[in-house]
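The values are calculated or read from the model by the stated rules, or taken from the named source; none is laboratory data. Since the structure is predicted, the reported quantities are computational estimates derived from the model, not experimental observations. Cβ placement follows ideal geometry from the backbone for every residue including glycine, while neighbour counts extend to all protein chains displayed. Ligands, DNA and RNA are stripped out before the accessible areas are found, and what is left, the full protein with its side chains, is counted by its heavy atoms. Shrake-Rupley method; radii C 1.70, N 1.55, O 1.52, S 1.80 Å.
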Amino acid sequence: MAKTALGIVYKYRIKLASLFLFFKFAPIVSIRAKGVRLKKRNTLKKIVKMSTTLFDKVWDSHVVRKIEDGPDVFFIDRHFIHEVTSPVAFLGLKERGVTVLYPARTFATADHNTPTINQHLPVEDALSANQLKALEDNAAEYGISHWGLGHQKNGIVHVVGPENGITLPGATIVCGDSHTSTHGAFGAIAFGIGTSEVEMVLSTQCIMQPKPKKMRINVNGKLSKGVGPKDVALYIISQLTTSGGTGYFAEYAGNVFEEMSMEGRMTVCNLSIEMGARGGMIAPDQKTFDFLEGRLYAPKGEAWTKAVAYWKTLKTDADAIFDAELNINAADIEPMITYGTNPGMGIGISATIPNANQVKGGAETYKKSLAYMGFEENDVMIGKPIDFVFLGSCTNGRIEDFRAFTEIVKGRQKAANVTAWLVPGSHVVEAQIKEEGLLDILTEAGFVLRQPGCSACLAMNDDKVPAGKYAVSTSNRNFEGRQGPGSRTLLASPIMAAAAAVTGKLTDPRELF
């Protein structure tokens, strides 16, 4: 099936040389296609119909060909790759004697199984070392930008993309990683793909995708003290469950998202996949433009002015219709904590674990999840002892997350029973932590800052939580064994993680303000 799909898309590879001129979402295009911008914008006006959603506007402008009763052949502006899902894709290219069509649209960084200490030393794990070497060699062979271990721009793929202005409004972005949805915070369509699809995008700059349905999630009102973006996202997932967004692409709307920082929006969009959605996005606004202006790959000068003018059109029309809509009152959200083995099993920190008859799904599966976690129905979460705290990942590894964590930690000490892994999402974040004096506060409180990487989010390196131990984690998944065989993960915000780190147990962070 993958080979057949690849063949269909590859058939259009020659036509993509001219199609390339159609898409202008970054300086790369402005270098190669300076004379056709006006034509492209005029074409967009014909394609984008009135009364459409943000998602429609971006999706429809990237469709190369519609297949009757089938998926769309869909053009990709940005392709991120890392060391885990790309090696087999490159082998496929070599077997077929095919090259990378547009190397300048592909960006490689090492992150998934990189160590977070002693990165200057050779990687001890043989598999990890081989994958890292394969990424480096493939990037060099095909002329792809590569930020490997030790590079000053290295970091988690979904952190370094926005950091460097590679992520732009109106763009289409894919990566062999499910949390590619993070980039939707900029008004981009971004989603994860499999290894065969990585090969397809490398060779054709296109992918075959059925167009998802559209869902809008509105959160309005005033958030309570101590409630942040992670809590908003976990609350949404608890309401929809981990399958409630299946088949949809979500747009987040309402004053709560308008008032969020770009880091907060990235956290929310990052977790879209955890409710089953293909991705999530937020309309770009002045905060988006301010965040991007001056970054390495962002447009400059006149190109910037023209880009912003276009980006301002990327919003849902007032009378556009969605296939599903959810309305949430911000006042209903409190600091969240998960208690089970999927991100939908979350409650406010002051609540008790629900009975099996109060939740969707089978009672047997629900009780099995509680048994794995060592919890029972009606248990109170506050006061439960914990063993590990993990601050980091593509969900909460940005400077704003470290600021929030440090604000709680300041003037306190790490609990003796807690092992804490504080892992910045990139070297840029690491430098900010030091420059802002956060490291001094953390060090004084007994914490140690590690080096950038995915770390304990998926435990592909040595950062593994031992069996039976509880970890309060700012990452995105709490499946059985996700952070190490037998580990027990409680998803939470950086503030909740900090409260647990200094008290040694689950604590309502509002008590520490």
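For a label point 7 Å from the Cα of ASN417 along Cα→C-beta, name the residues of the range 305-344 whose backbone N is under 20 Å from it. Counting backbone N atoms under 20 Å from the label point, the list is 337-340.
With both residues required to sit in the range 65-153, DSSP beta bridges show an antiparallel share near 25%. Pairs of Cα atoms nearer than 8 Å and 6+ residues apart set the relative contact order; for the chain it is 16 percent. Helices that extend 18 Å or more along their long axis by alpha-carbon positions and average at least -0.5 on the Kyte-Doolittle scale are, among the DSSP H runs of the chain, 126-142.
Solvent exposure of the range 326-464, expressed per residue, is 41 Å² of accessible area, with all protein chains present and a 1.4 angstrom probe. The smallest convex shape that holds all Cα atoms of the chain, its convex hull, gives 146 Å³ per residue. From the alpha carbon centroid of the range 430-492 to that of the range 194-237 is 23 Å.
Taking every DSSP bridge with both residues inside the chain, close to 25 percent are antiparallel. For SER196 and ASP69, what does the FRET efficiency come to when R0 = 22 Å and r is the distance between their Cβ atoms, rounded to the nearest 0.05? Working from the Cβ atoms, E equals 0.50. For the pair PHE513 and GLU364, a Förster radius of 45 Å applied to the C-beta separation gives a FRET efficiency near 0.65, rounded to the nearest 0.05.
Shown here for the range 326-377: GluC sites (Glu not before Pro) in loop regions (DSSP other than H, G, I, E, B) with at most 13 other Cβ atoms within 10 Å, namely GLU376. In terms of its C-alpha gyration tensor, the range 44-187 comes out prolate, because a/c is 1.5 or above and the ratio a/b outweighs b/c.
Each of the peptides 319-325, 65-71 was scored by the mean count of other Cβ atoms within 10 Å over its residues; in descending order, highest first, they stand as 319-325, 65-71. In loop segments of the range 208-276 as defined by DSSP, the trypsin sites (Lys or Arg not before Pro) with at most 10 further C-beta atoms inside 10 Å of their C-beta are LYS225. Heavy-atom surface analysis with a 1.4 Å probe gives the chain a carbon and sulfur content of 53 percent of its accessible area.
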